[in-house]
Each structure stands twice: as structure tokens, then as C-alpha cells.
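Notes follow once the structure below has been shown.
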Amino acid sequence: MKKLGLFIIAIGFIACQSENKTSNTTDTTSVVTTGDSLTFKYDSVKVYSKTPVSVDKNVTDTSKAVISYPLFNDEKVNQFVETKIKLTADSGKNYKTYNEYATDFIKGYDDFRKSEKDYPQTWFLDINAKVVKQKPGYLSLLNTYVNYSGGAHPNSIFIYLNYNPATHQEILLDSLIQPGSLPKLTAVAEKIFRKNEKLSPTASLKDGYFFDKDTFKLNDNFTITDQGLMFLYNPYEIKAYAYGKTELVIPFSELKEIAKPNSLLSPAN
């Protein structure tokens, strides 16, 4: 399957450029959310470049890196989230803290500007992990990664994280479905995908899609909603950039013979 791609609306880019600047800050929101035994609040790390984009003193825009994340009362959950966020870093980069991650991005911009003094644009890094569902034995987060460091448009990836805060284990798709049932799940998903895309059951996927060998496949980027099992394909993963991300929901009613009994894929759970 093609490499995960890029998508972000222009207004996000504009908003990134318009905030007041400081060199390095950490913010904690006042909003506290509770559910079951877990309590969390949203926190963030912000690092700004001291290098303005223009020599014109009236232009104050500069590059920034922001990492926002939920901070739980359970340190093991925090470690899981932090580990997943750090995996968005470039290959070979290993950071000990969020601040180190953000600071290194800004250093990259500052180093670049030393040799490209007339470069007319700022860079930005925006990583935002949000809780999207929380109930006994299940915590789902959406981690949105947006990076702009030159080029036609920003890089963007949307990744769901699924976690059991009771057992402190990541929830993988194989743990939710019957052994050997992935082909059946894939067949059900393909029918829904073709209906959503207005494709006939026999239409080729060669034109307009990026599936490996032109064969429909499920990825491992999923979450469990009130409607069923939802998969998310990132921009460039199965379609051109202009189409953005693609969501595919498989209703619980279609999972009766596929889901493990009394699992998270049972509507009652």
C-alpha cells in the first residue's frame, strides 16, 4: 500500500502563523474530563523560532512546533501515548521528551534559514492527540500529525490509538475478531467500500486507487464507534491527495460472525 500521505486545510496553516510568539512554553488547559477510573486534562508543549520570516520588523510570523496531548492520572497510559506520538518522528530520531521533539524541529528550521536567508515561509509542526472514546476496558485516541517544512503542502497523518487501561495493553485488530476471520472481514469491508465509492462489485480498483496489486485491503488504523468498527485511510494511502482521508464504517450487525463473543465489537459492550 502506498506510503501514508498528506492532508491539512489551509485555515490551519493561517492560524499557525497568527499567534503571539514566545520562545518555549508549556500550556495546561483548565478542562478536566473524567470517565471510569481515568481522569485526564489536555497539556501542550510549544516552541517558537526566534528567527522571523522577514527582515521587515512589521512581519512577526515565525516557525513553531506544538505538541498537544492528554495527560492522565495513570502514568502507564501516559507512557503509551507518549511512545506513540514519538513514533511520528523522522527515521533515526529518538526523543526523550515532547519538548526535545519540538525543539529539534525548530532547530531544523533555524539551521535551514542560515543558508536560505531569503526563504519566504515559516515551518510548523502540529501534533494533536485527542481522546475520542472512553469506556470500561477501552480508550481510543486520534493522533493528528501535521508537518510543513517546505513544498507544495503540509504533510499530514491521522492515526487511531486503541488501548485497554485495565490491562495496560494496546488493542490490536486480531484481538477483536475470530481467528482466521480477517478474509471474511475484508470481504464485508470491500462491499461497503464499493457502495460508498459507487463502484460495481466487479469494477477494477486499478484506476483512481492505490491498493497494492489493485486488491482491496484493510489497514490497521481503526477505532470503535457507536456505529461499528471504523477504519481510516490517510491521504495518499489509497487515493490521490485531493480526496483527503477516507473513512469506512462496518456496522456491528455485519460483525456478528466475525467478532469474538462479548468483545468490544459487540454492540452491548
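Restricting the first member to segment 121-142 and to residues that are closer than 16 Å to F222 by Cβ and open to solvent by less than 30 Å² (accessible area, probe 1.4 Å), and the second to residues that are in a strand (DSSP E or B) and β-branched (V, I, T), the beta-carbon pairs closer than 6 Å and six or more apart or on different chains are S140/V132; S140/T223; L141/V131.
Within segment 91-122, being of a type outside the set (S, T, Y), in contact with a strand residue (DSSP E or B) (Cβ under 9 Å, 6 or more places away or on another chain) and under 16 Å from I157 (Cβ atoms) holds for one residue alone: F105. Is it true that D90 is within 17 Å of the chain's Cα centre (by Cα), over 30 Å from N262 (Cβ atoms) and either open to solvent by 50 Å² or more (accessible area, probe 1.4 Å) or without any contact (Cβ under 8 Å) to a residue 60 or more places away in the chain (or both)? Yes; evaluated as a whole, the condition is true for this residue. Just to be sure I understand, how many residues within segment 176-190 are over 17 Å from P261 (Cβ atoms) and either assigned to a strand (DSSP E or B) or acidic (D, E) (or both)? Count: 1.
In the set (1) touching a helix residue (DSSP H, G or I) at 6+ places or on another chain (Cβ under 6 Å); (2) surrounded by fewer than 16 Cβ atoms within 10 Å (Cβ to Cβ), G208 fails one condition alone, (1). Of all residues in segment 51-87, those that are open to solvent by 40 Å² or more (accessible area, probe 1.4 Å) and free of Cβ contacts under 8 Å to residues at least 40 places away in the same chain total 14.
Looking at segment 233-242, which of its residues are surrounded by 14 or more Cβ atoms within 10 Å (Cβ to Cβ), hydroxyl-bearing (S, T, Y) and touching a Gly at 6+ places or on another chain (Cβ under 9 Å)? Within segment 233-242, just Y236 meets the criteria.
Comparison of Y163, Y109, Y145 shows that the only residue that is within 19 Å of the chain's Cα centre (by Cα), open to solvent by less than 40 Å² (accessible area, probe 1.4 Å) and within 27 Å of K50 (Cα to Cα) is Y145. Restricting S140, S156, S175 to those that are out of contact with any Leu (no Cβ under 8 Å at 6 or more places or on another chain) and of a type in the set (G, A, S) reduces the list to S175. If you go through segment 38-72 and pick out every residue that is closer than 20 Å to Q134 by Cβ, of a type in the set (S, T, N, Q) and at pLDDT below 95, you end up with 1. Can you tell me which residue is least open to solvent (accessible area, probe 1.4 Å) among those in segment 166-183 that are in contact (Cβ under 8 Å) with a residue 24 or more places away in the chain and under 30 Å from A240 (Cβ atoms)? Looking at residues that are in contact (Cβ under 8 Å) with a residue 24 or more places away in the chain and under 30 Å from A240 (Cβ atoms), I get L173. Would you mention how many residues in segment 206-237 are in a loop (DSSP other than H, G, I, E, B), in contact with a Phe, Trp or Tyr (Cβ under 8 Å, 6 or more places away or on another chain) and under 22 Å from V132 (Cβ atoms)? Number satisfying all stated conditions: 7.
The values are calculated or read from the model by the stated rules, or taken from the named source; none is laboratory data. This is a predicted model, so every value here is computed, not measured. No Cβ is skipped: glycine too gets one built from the backbone with ideal geometry, and neighbour counts run over all protein chains shown. With ligands, DNA and RNA removed, areas are computed over all heavy atoms of the protein, side chains included. Shrake-Rupley method; radii C 1.70, N 1.55, O 1.52, S 1.80 Å.
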